[in-house]
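Working notes for the structure below.
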Amino acid sequence: MKAPFSGAIDCDIHPSPPDMRALLPYMSDYWRDQITNRFIHKTPFTLTSHKPGVPINGRPDWRPASGLPGSSLDMIRKQALDAFGARFAICNVIHGAIALFNHDMAQAIVSALNDWVAAELLDAEPRLRGSILVLADDPTHAVAEIERLADDNRFVQVLLLVMGDRPLGQRICWPIYHAAEKNQLTVCIHAGSTYRHAPTGVGYPSYFVEDYVAQSAAFETVLLSLLAEGVFKKFPELKVVLAESGVTWLPQFLWRNDKIWRGVRPEVPWIDRVPREIVYDHVRLTLQPFDAPPNAEIVSRVIEHLGSDDVLLFSTDYPHWHFDGGDVLPEGLPEDTVRKLMIENPLATYARLS
């Protein structure tokens, strides 16, 4: 189904720097020298879960004649903004530097990337909004990066990957959530992995399809961690967006988590109400990829099983390939739900959108 009106807020698009050389102007003299003299500027720094050559990571008609999908601002304007009548689109620019073990180099590249987003995307196109990419395994730098960019209200969220060194609810990550809440920034946890650990619970898989399907299990793990560790009790104003998580896993997760919690709740006394109520207050999921069959009746049932249409946010996931043409919405969404997920829910989720 095509978007029935303009003014939507696209909560997940993926612009990409043309290559590492585009980031050099945003680095110190020392790091420009290090990056070029060691030929690191010729390294693609692409995470396996986001490798651009895989068909699903670049829709054929959205790929430029040369370069990476999402690397042309003119194409972003035409294909992601104009085509869907977007009022705003939130840029989630994910860079492989977050997987580096050299924290000094990772910090330099990630900070340069955030400055590149501000200068090359946000300055150039007023409909774009940014995400502050940070190193989840380096909370000190993550907080410093959030504070460095917090005065720029065009950055609306902090960007993390769903698979890293640890479940993201653990206390070591709390300074990131404190800085986000203090600065009215949403936290976006996006599909992808730093591959410090295997992307499945039983080791490394052989094929991309295994990695891709395993992402939804990682989102279950992270959401469970955020709930069990008491993140939303500690940070009552925090909003978390799960991006590219899929949707259909959530109803069974909510049912099972509520059921088990009732039997063991003395272990986690800070969960002082049914966990699904906490999820409805704090957690949102982007629409694409929508992982239900293309059947209006089934889609309607999925929405019913979610228990609330407040949890969905409109997204195209541009330039990834989850639908063809302009059919960005699954058939079977009620009219009121369409307006909510396209406009009202994003505005309620992102305090800095205006």
Residue check, Ala179 in a helix (DSSP H, G or I) and under 21 Å from Leu287 (Cβ atoms): no
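Condition check ((1) surrounded by fewer than 24 Cβ atoms within 10 Å (Cβ to Cβ); (2) in contact with a helix residue (DSSP H, G or I) (Cβ under 8 Å, 6 or more places away or on another chain)) across all residues:
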| residue | (1), (2) |
| --- | --- |
| Ile146 | yes, yes |
| Asp152 | yes, yes |
| Val156 | no, no |
| Val162 | no, yes |
| Asp165 | yes, no |
| Gly169 | yes, yes |
| Trp174 | yes, yes |
| Glu181 | yes, no |
| Gln184 | yes, no |
Filter result (crowded, with 19+ Cβ neighbours inside 10 Å and either without any contact (Cβ under 8 Å) to a residue 40 or more places away in the chain or closer than 24 Å to Asp61 by Cβ (or both)) within region 341-354: Met342
Counted residues, region 193-229 - those being in contact with a Ser or Thr (Cβ under 8 Å, 6 or more places away or on another chain) and closer than 22 Å to Val279 by Cβ: 6
Selection count where residues are of a type in the set (D, E, K, R), more than 24 Å from Thr194 (Cα to Cα) and either outside any helix (DSSP H, G or I) or at pLDDT below 95 (or both), scope region 120-162: 7
Criterion: within 20 Å of the chain's Cα centre (by Cα), under 29 Å from Ile94 (Cβ atoms) and assigned to a helix (DSSP H, G or I) - qualifying residue of Asp281, Asp291: Asp281
Residues located in region 314-340, provided they are closer than 21 Å to Tyr212 by Cβ and either surrounded by 18 or more Cβ atoms within 10 Å (Cβ to Cβ) or in contact with a helix residue (DSSP H, G or I) (Cβ under 8 Å, 6 or more places away or on another chain) (or both): Ser315, Thr316, Asp317, Tyr318, Pro319, His320, Trp321, His322, Phe323, Val328, Pro330
Set Tyr195, Tyr212: member being in contact (Cβ under 8 Å) with a residue 24 or more places away in the chain, of a type in the set (Phe, Trp, Tyr) and either in a helix (DSSP H, G or I) or over 20 Å from Asp137 (Cα atoms) (or both): Tyr212
Boolean, Leu128 is touching a residue at least 40 places away in the same chain (Cβ under 8 Å), buried (at least 18 other Cβ atoms within 10 Å of the Cβ) and touching a helix residue (DSSP H, G or I) at 6+ places or on another chain (Cβ under 7 Å): yes
In region 249-272, the residues that are surrounded by fewer than 17 Cβ atoms within 10 Å (Cβ to Cβ), in a loop (DSSP other than H, G, I, E, B) and either among the hydrophobic types (A, V, I, L, M, F, W, C) or touching an Asp or Glu at 6+ places or on another chain (Cβ under 8 Å) (or both): Val268, Trp270
Residue identified as surrounded by fewer than 15 Cβ atoms within 10 Å (Cβ to Cβ) and either touching a residue at least 12 places away in the same chain (Cβ under 8 Å) or farther than 27 Å from Phe88 by Cα (or both) among Phe45, Phe39: Phe39
Test: Leu285 is surrounded by 23 or more Cβ atoms within 10 Å (Cβ to Cβ), among the aliphatic types (A, V, I, L, M) and in contact with a Ser or Thr (Cβ under 7 Å, 6 or more places away or on another chain): yes
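The values are calculated or read from the model by the stated rules, or taken from the named source; none is laboratory data. Everything numeric in this text was worked out from a predicted model, so none of it was measured. Virtual Cβ from ideal backbone geometry, glycine too; neighbours counted across all protein chains shown.
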